[in-house]
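The values are calculated or read from the model by the stated rules, or taken from the named source; none is laboratory data. Note that this is a predicted model, so its numbers are computed, not measured. Glycine gets a Cβ as well: all are built from the backbone with ideal geometry, and neighbour counts include every protein chain shown.
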Amino acid sequence: MRPISRHMTSKLVCRNVWKLFGPNAQPFMTQTPNPSPDDLRRAGLVAACRDVNLEVAEGEIFVIMGLSGSGKSTLVRCLSRLVEPTAGEILFNGENLLAASDQRMIEIRRHQMGMVFQNFALLPHLTVLANVAFPLEVQGIDRARREARAQKMIDLVGLAGKEAFFPRELSGGQQQRVGIARSLAVEPELWFLDEPFSALDPLIRREMQDEFMRLQSVLKKTIVFITHDFDEAIRLADRIAIMKDGEVVQSGTPEDLVLSPATPYVAEFTRAVPKAKVVRVGSLTKPAPAGLNGAAVPVRATVAEAAPLFAAGVDLLRVVDADGATAGALHRADVVDIMMRG
Amino acid sequence: MTAPALDTSRVIAPRLTPARISVPWLVAGIAFVALWLAGPERLPALFTYPKDWLIPAARWIGDFMKWLVNEASFGLFTFTQLTRFIAAIIDLPYRFALSLISTGFLSGQGSGAVQIVPPLPWIAVIAIVVLLGLYAGGRRLAILVGVCFGFLAVFGQWNSAMVTLASILVAVPIGVVGGLLLGIAAYRWERFERALTPVLDLMQTIPVFAYLVPILFLFGFGPTAAVVATLIYAMPPMTRITTLALKGVPSEILDLGRMIGCTRRQMTWRIMVPSARDSLMVGVNQVIMLSLNMVIIASMIGAGGLGFDVLAALRRLDIGAGLEAGLAIVALAVALDRLSQAYAIKAGESAHAAEAGFVARHGYLVGALAFVMITAIIGLVVPAVQSYPDALKLSTGTFFNEVVRWINVNFFDTFEAVKNALLLNVLVPFKRFLAELPWAGVVALLAFAGWRLGGWRLALTTGALSFLIAATGQWDKATVTVYLCGISVVFAALIGIPVGVLAAERDRLWRWVQAVIDTLQTLPSFVYLMPAVMLFRVGDFTAMIAVVAYAIAPAIRYTVLGLRRVDPNLIEAGRAMGCTRWQILTKIKLKLALPEIMLGLNQTIMFALSMLVITALVGTRDLGQEVYIALTKADTGRGLVAGLAVAFIAIIADRLIAAGAARTKKRLGLV
């Protein structure tokens, strides 16, 4: 079972972050600390991020989901300070990035952050090996060491044998594997993925999502993942933040969003999602009657996975936690209820 | 909003009605005609700029130049010492290149010099370019460049060609590196870019003859001054292309650079420049071709080489010799152009770096070096290997002279009749018409056009620049320039646009046309003079023919590009509505391609103006001639003032047409 926030240290905290585009955004922000949409319109400014608050816990996959123009790409660039936020605080391991010097930022980016880009951003004049080794080269690491490290990363993403190829000789999926390998070459603590699979065909996208989950099960990075695809978000996320017009409208686990969408906008996304495939047994578990025995389901299983066990005619299943201890009971009626809600 | 459901006029042709004559234009037109009809007798000051009010710009510039050459000083050393120092630095690589491929390494001075090491044998030079061709573009390119260089040897143009090539070998690297650095600086500091842009505009529009004189003063007569002039001419496009290419680097690549913690220097040299490589190679090709063009022109200030041969032949009116040297320039131009283009493509598709030995990895290099050594050694014994044997040289000079004589004997009357008919009925009346216009009215009209098309700033630009032309006493000559340029552009458009229209719809025809205009554009402007002079001797008509031939390429190219860029959905929609081919062409394609065609015309005007200055050599009486005379008299002020007047005409035309094209685009909803 993966723990969810608060109990663990927060790797990245984002407090009251604003990003305004337009003339004199900075002085405006100082004068009007909490501007309304009307204030902004009058000042001729566009808000890409409005008062965003997030906390990303160590080792979790945090997905920021939003349609185009919702400000998600700007937000992820604010988090790494590729874009300078107009106001707010970004704490990385407790250190405020907005107060860091350029030199310090270079240090942090070189050693602690990695990023994967939507259109891969591979350097066309370098081979796969040289592309993956490039971040290390920039740090001045000698050839033998950086190439050994790059080779490891290439093997990890399953591109062994393609080292001497140039990016344009690879398929889209392979190119993004190079992008992933490159971003991992510096062994980052914090891994940003900006719509990494959006430029790929649906089939390849699915394959890459599986590959991504496989990698994460090995690497256990802290991940900020951007997507416009709600299904992708549900599939990958430990927690999701949904953005609209620069604001986070709701953030929580996939179950939270599906079971209790905060706004009609969120509900619009969750309506088409089969709840049984998202809701986990844990959130339907009730206290177990004494002496409950028989068939058991893990607390992390989805309702859809648990449902077939009721086919035997039982009304009550034993729910077990990761250690195999009884954690409660799952009632047939609750499962049916979830299934009926679509 | 409720729109009528079937308002087809708006759906099909949104605001495509022909531009109505607006009231302000009508008023301005009437005012202008009234002024014109009032006549020079009643308003002399408005027709001929009063002599007393002339700005003595030529004298100021001349005085400034004198001060610069004789007195300007940085304390430790004078300005002239600085420029001569630069000249000496450029001279070093030039001497080396010249020694290597042309004169050999000499010991001693002047006629008493003794050759200690001979230059590269002609066979070795050909072998090098063939290997370059083979490496960059395969067998076909190798054969092409081999034939081009072989042509130089066989027709006795080798020595001149190598002198020209030596200048290019020095100018191109400096031009590329200098342009790259300026372009990077302009990309990095917006202020610098804003300051640089007008300078680049001037560098590209001032006729080259105009700055030959000051360069002559500052850098001395000789090949080095020619290289400096070449740099001024060839660097601006590289600078512009660099800035544009860097701006075109995808933002994700920049994000990547920052994300992996690149320093500024790493960002520039490891990320941006390599990512922009493909566009930058286009710039390199431009520098090479412009350098060739300029090195030819710079033969006037001692660059020597093929340009000097053409110039000398023009002065003697020795058509055969001039044509031969001209063809040699063509051969050199084609070879250099194709080689550099092949390299640009090659750079984009680098092969897998195999872990092979040195010889295997650098096979071409090793081969070339081995060949050079072997031929050099054999050359010591066998003179035919060292330099192409005189006995085997062919000369087509007499042949061409015969051809020209034959053409003149048989077609003289026809050509003469065509020439005279056009001169009497079109050229001369137009020239007179322009000469009679009141300068004040024209200035006002230009300012008005600027205001209508682009607002107050443009009005100020066009008005002030045209006023300056009058105020510096260049008005009469400027009208001749405008007349020759205007007539040539009209002819170029009358031929070029229909050709473009035809070629746009026929892929095969377009491939042919494209091959022809590509070649035309690689030729240095000098080359165009020879056939024109050959058939029509000297004069305005000859100049016009040469200008039309030089300037027609952009008219064709932009027409085709504009027509091909029209949204195919609109054409399909037109066809679905039952338009005939003619209707589709006139009602949809040409209308939507209009802005593009206008930009093509703009380019045509720029090409025409730059060629017009060269045609001063065949006896026109415009600003170009003024610049040329100033060049022969080494009169800096006079040359620069006339040169600036040409630049002003170019800038006025450019800004007005660009503003017009932008407005049309907006009106058509293409932005």
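Restricting the stretch A:102-119 to residues that are more than 7 Å from every other protein chain (Cβ to nearest Cβ) and surrounded by 24 or more Cβ atoms within 10 Å (Cβ to Cβ) leaves a set whose member that is farthest from A:Leu200 (Cα to Cα) is A:Gly114. Condition first: in contact with a Lys or Arg (Cβ under 8 Å, 6 or more places away or on another chain), of a type in the set (Ser, Thr, Tyr) and either away from every other protein chain (no Cβ under 14 Å) or farther than 30 Å from A:Ala262 by Cα (or both). Can you find one or more residues in the stretch A:183-205 that meet it? Taking every residue of the stretch A:183-205 in turn, none turns out to be in contact with a Lys or Arg (Cβ under 8 Å, 6 or more places away or on another chain), of a type in the set (Ser, Thr, Tyr) and either away from every other protein chain (no Cβ under 14 Å) or farther than 30 Å from A:Ala262 by Cα (or both). Listed conditions (1) away from every other protein chain (no Cβ under 14 Å); (2) touching a Phe, Trp or Tyr at 6+ places or on another chain (Cβ under 9 Å); (3) at pLDDT 85 or above are all met by B:Phe308, apart from (2). When B:Ile614, B:Ile652 are checked against the criterion of being β-branched (Val, Ile, Thr), under 25 Å from B:Thr461 (Cβ atoms), part of a helix (DSSP H, G or I) and touching a residue at least 60 places away in the same chain (Cβ under 8 Å), B:Ile652 stands alone in meeting it. Which number in (1) farther than 26 Å from A:Gln216 by Cβ; (2) among the hydroxyl-bearing types (Ser, Thr, Tyr); (3) out of contact with any helix residue (DSSP H, G or I) (no Cβ under 8 Å at 6 or more places or on another chain) marks the one condition that A:Ser73 misses? Going through the list (1) farther than 26 Å from A:Gln216 by Cβ; (2) among the hydroxyl-bearing types (Ser, Thr, Tyr); (3) out of contact with any helix residue (DSSP H, G or I) (no Cβ under 8 Å at 6 or more places or on another chain), A:Ser73 breaks only (1). Beta carbons closer than 7 Å, at least 6 apart along the sequence or on distinct chains, pair a first residue in the stretch A:316-342 that is on the phi > 0 side of the Ramachandran plot with a second that is of a type outside the set (Ser, Thr, Tyr) and assigned to a helix (DSSP H, G or I) for A:Gly342/A:Lys275. Screening B:Lys477 against (1) surrounded by fewer than 21 Cβ atoms within 10 Å (Cβ to Cβ); (2) charged (D, E, K, R); (3) within 30 Å of B:Gln625 (Cβ to Cβ); (4) touching a helix residue (DSSP H, G or I) at 6+ places or on another chain (Cβ under 8 Å) leaves a single unmet condition, (1).
You will find that of A:Val336, A:Val258, the residue that is among the hydrophobic types (A, V, I, L, M, F, W, C) and surrounded by fewer than 17 Cβ atoms within 10 Å (Cβ to Cβ) is A:Val336 and no other. The condition of being within 12 Å of another protein chain (Cβ to nearest Cβ), surrounded by 16 or more Cβ atoms within 10 Å (Cβ to Cβ) and acidic (Asp, Glu) does not hold for A:Glu147.
Collect the residues in the stretch B:218-252 that are within 14 Å of chain A (Cβ to nearest Cβ) and either β-branched (Val, Ile, Thr) or in contact with a strand residue (DSSP E or B) (Cβ under 6 Å, 6 or more places away or on another chain) (or both), keeping them in residue-number order. Result: B:Val249, single match. Condition test on A:Thr270, is it in contact with an Asp or Glu (Cβ under 9 Å, 6 or more places away or on another chain), at pLDDT 85 or above and of a type in the set (S, T, N, Q)? When the stated conditions are applied, A:Thr270 does not pass them. In the set B:Tyr187, B:Tyr211, only one residue is within 26 Å of B:Ile61 (Cβ to Cβ), surrounded by fewer than 24 Cβ atoms within 10 Å (Cβ to Cβ) and not acidic (Asp, Glu); that residue is B:Tyr211.
The rows are residues; the columns are (1) among the charged types (D, E, K, R); (2) modelled with pLDDT under 75; (3) on the phi > 0 side of the Ramachandran plot.
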{"position": "B:Ala31", "(1), (2), (3)": "no, no, no"}
{"position": "B:Trp36", "(1), (2), (3)": "no, no, no"}
{"position": "B:Leu43", "(1), (2), (3)": "no, yes, no"}
{"position": "B:Ile61", "(1), (2), (3)": "no, no, no"}
{"position": "B:Lys66", "(1), (2), (3)": "yes, no, no"}
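Residues of the stretch A:40-80 being modelled with pLDDT under 90 and among the basic types (Lys, Arg), which ones? Within the stretch A:40-80, A:Arg41, A:Arg42 meet the criteria. Of all residue pairs spaced 6 or more apart or on separate chains, those with beta-carbon atoms under 6 Å, a first member in the stretch A:28-40 that is farther than 10 Å from A:Ala87 by Cβ and a second member that is assigned to a loop (DSSP other than H, G, I, E, B) are A:Asp39/A:Thr32. Candidates A:Leu122, A:Leu170, A:Leu129: the one that is more than 20 Å from the chain's Cα centre (by Cα), crowded, with 21+ Cβ neighbours inside 10 Å and over 30 Å from A:Asn93 (Cα atoms) is A:Leu129. For the stretch B:273-293, a residue qualifies if it is buried (at least 21 other Cβ atoms within 10 Å of the Cβ), of a type in the set (A, V, I, L, M, F, W, C) and within 11 Å of chain A (Cβ to nearest Cβ), and exactly one does: B:Ala276. The stretch A:248-342 holds strands (runs of 3 or more DSSP E) entirely within its bounds, and those carrying 2 or more residues that are in contact with a Gly (Cβ under 7 Å, 6 or more places away or on another chain) map to A:316-320. Only a single criterion out of (1) surrounded by fewer than 20 Cβ atoms within 10 Å (Cβ to Cβ); (2) over 28 Å from the mean Cα position of the chain (by Cα) is not satisfied by B:Leu169, namely (2). Among the residues of the stretch A:59-96, those that are among the hydrophobic types (A, V, I, L, M, F, W, C), crowded, with 16+ Cβ neighbours inside 10 Å, more than 13 Å from chain B (Cβ to nearest Cβ) and under 20 Å from the mean Cα position of the chain (by Cα) comprise A:Ile61, A:Phe62, A:Val63, A:Ile64, A:Met65, A:Leu75, A:Ile90, A:Leu91, A:Phe92. I'd like the full set of residues that are more than 21 Å from the chain's Cα centre (by Cα) and either assigned to a helix (DSSP H, G or I) or among the basic types (Lys, Arg) (or both), limited to the stretch A:97-109. Of everything in the stretch A:97-109, those that are more than 21 Å from the chain's Cα centre (by Cα) and either assigned to a helix (DSSP H, G or I) or among the basic types (Lys, Arg) (or both) turn out to be A:Leu98, A:Ala99, A:Asp102, A:Gln103, A:Arg104, A:Met105, A:Ile106, A:Glu107.
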